[in-house]
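Here is the structure we will look at, set down as structure tokens.
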Amino acid sequence: MQIHHQIKQPFSALAQESDYDDEQPLLPTKHSRKLPPPVCPPSHLRSEVEAIFDAPVGTLIAYSKSQTGELKSAEEEMADAYYAADSVVQRVEFILRGLNSMISSESYVSRSLETGAMSLEEGEGGAGGDVMTKQDCFRAMIDLLSRIQEEGDAYDELRKRIRSQLTTSTDPTNSDSSSSSSSSDSDDSDDEEGVSEKDEEIFNEWSGGLNERMREVGFKVRQNSDSSSTSVNDASDADEEVSQEDYQFGASPGLTVHMVDLVLDALACLCEEEYGTKSSSSSVDLVQLMGKDASPPPAMGKDLLDTVLHRHWLDGGDIGLSAEAKATAVGQGIGIGSGTGAGSLSNLSPSTNFDVRTCPTAMTFNAVIRIASNFDPKAHAEAVEKYNILNGEGSSQRSSNGADKDNLKQQQEMLRDVTIDAAFSTYSRMKFCSALTLRALKDSTKNATSRSAVKRQAKLVAEGALTGRNSATYAYLLQTVSNCIPPSLSRGNIAFGLYHKACDQEGVIDENVIKAMRSIGGYEEDNNDDGTSAPPVSNGPIFDNFLQTELGAGVSSALEKGRSLRQDRNHKLRRHVDWDGSY
């Protein structure tokens with residue numbers, strides 16, 4: 001099924017020519033990748049979204065068999081999958097950018113349009129369209145992610161079935177031959193497929209160790225039903241047998257990191273409008289929008305991050321599951337360990353051109369921490385209770401019912417723990433994402449040419465002294481500490497550790513980090529140059545004295561003192577985009 005769009009959206013420099021003609025196209029003067037990404041106009045959003053949803057599953061990304069009728073190689077399958085998905089991926093990203101711009105004036109796309117980093121071009125019939133509301137835009141963004149992921153899963157399933165049919169039709173085993181001949185033919189077939197018994201043993205040993213490491217970090221894993229070590233209970237929880245066929249083609253086509261980034265940014269903006277300092281009358285009720293039984297925003301952000309990291313891992317990216325946590329373990333994703341076609345990231349270096357489809361960015365991680373920093377567990381729990389009362393599912397006499405008060409307090413504490421977990425687990429994962437670290441290494445250090453310089457860089461990566469974290473990471477994390485942890489010695493110790501790492505080790509201190517650190521409280525205001533007053537709290541005499549000495553004189557003075565510890569040359573270089581400090 002072909003999707004017909006109301007506007008003619010160009011993706012190359014041909015569109016920049018005023019005398020562009022369909023019948024006699026001009027030679028493109030610039031690749032579309034170098035042009036500002038296009039944004040769907042508000043008046044066309046509804047029709048574009050409906051066009052995607054109206055298409056039957058399996059028609060947006062169509063699988064094509066080999067013309068010779070033979071099995072494709074793993075490399076050919078991966079290339080064909082992404083070529084087949086390219087057009088719909090561009091279309092969905094184009095729509096999601098338009099939806100993101102409608103969420104808030106502070107969203108990533110809205111700010112990109114202001115700076116010229118993205119372009120909004122009204123097509124024919126651009127006026128008078130049915131403009132979508134914030135609620136509809138966010139729901140559409142979530143549904144589009146599910147739809148494109150479903151399309152990729154359908155492509156995977158069809159590819160598996162077709163390959164299975166081709167394998168069966170070319171099986172040389174003769175049913176009339178003796179058992180010994182069948183065994184010999186089967187062995188020959190295995191050799192033709194390139195999988196010997198020794199290779200299978202190596203794969204099973206590797207997959208067993210990998211599954212164990214995945215369990216330790218909380219991933220749901222698949223069990224091999226042939227493994228003698230699998231217990232009855234484990235077998236009942238198993239999804240399906242581990243197979244090289246499941247992993248050799250990497251992540252399924254369709255879903256990209258840019259799509260998830262836009263959804264995470266939209267959710268962060270909604271949380272900031274409802275619970276943060278930029279709350280407005282036009283804010284959206286998140287409980288009503290997402291439903292009372294849906295995961296809270298921090299948990300939802302963490303789930304989306306899990307999806308991105310899993311796809312990155314399938315394509316060979318290292319996310320901290322390699323057997324050896326060393327700098328030499330870069331790119332030890334599942335496509336590498338299984339020795340199959342996936343895993344193009346196995347030879348990563350600071351000069352590598354990263355696969356933007358599945359490589360997470362600083363925005364992917366920082367948006368999750370931003371959601372946690374703006375989320376208010378107490379207000380959200382009260383909103384859920386109010387929603388239940390209005391829908392006849394709760395007690396309207398909460399003030400006089402001690403049990404209801406205890407239940408509300410438990411919900412608030414649970415949401416607080418979820419928020420802290422989402423922020424700090426994301427912070428930790430940034431260290432173990434080798435692709436993100438190498439991006440930071442490329443931008444914030446000089447190219448290492450001598451043997452000693454390479455060793456120093458490898459040591460920095462191995463020790464975690466150099467990561468992909470930037471000033472936004474620490475600013476949002478300090479805000480989360482300020483919002484979720486009450487004034488105490490523990491709060492002061494945590495804040496001091498984060499500030500010291502940002503300032504002295506990472507060199508990413510900036511004005512946002514200083515303001516977030518001052519929000520922790522514990523000092524007397526000497527110079528109110530940022531327009532805020534000192535919080536009347538104490539986090540212990542040692543921390544209060546430190547904060548008074550280093551930050552009490554104001555933001556400008558604190559920046560100078562921080563720079564004297566280490567030149568903060570990295571706080572701009574590690575940004576997601578150089579013109580914006582949000583990510």
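The values are calculated or read from the model by the stated rules, or taken from the named source; none is laboratory data. Only a predicted model underlies this, so the values are computations on that prediction, with no experimental measurement involved. Cβ sites come from the backbone with ideal geometry, for glycine too, and all protein chains shown count toward neighbours. To get the accessible areas, we keep the full protein, side chains included, count just its heavy atoms, and leave off ligands, DNA and RNA. Shrake-Rupley method; radii C 1.70, N 1.55, O 1.52, S 1.80 Å.
Pairs are defined by a Cβ separation below 7 Å, a sequence spacing of at least 6 or placement on different chains, a first member in segment 527-551 that is farther than 12 Å from L489 by Cβ and among the charged types (D, E, K, R), and a second member that is open to solvent by 30 Å² or more (accessible area, probe 1.4 Å) and modelled with pLDDT of 65 or more; the pairs so defined are D529/S556; D530/K515; E550/K561. Of the residues making up segment 389-433, those that are at pLDDT 80 or above and farther than 24 Å from A372 by Cβ are I389, L390, K405, D406. Just checking, does segment 63-78 include any residue being under 30 Å from I103 (Cβ atoms) and surrounded by 14 or more Cβ atoms within 10 Å (Cβ to Cβ)? For segment 63-78, residues under 30 Å from I103 (Cβ atoms) and surrounded by 14 or more Cβ atoms within 10 Å (Cβ to Cβ): absent.
Does D54 fit the bill of being more than 23 Å from the chain's Cα centre (by Cα), under 21 Å from G152 (Cβ atoms) and either charged (D, E, K, R) or buried (at least 16 other Cβ atoms within 10 Å of the Cβ) (or both)? It is true that D54 is more than 23 Å from the chain's Cα centre (by Cα), under 21 Å from G152 (Cβ atoms) and either charged (D, E, K, R) or buried (at least 16 other Cβ atoms within 10 Å of the Cβ) (or both).
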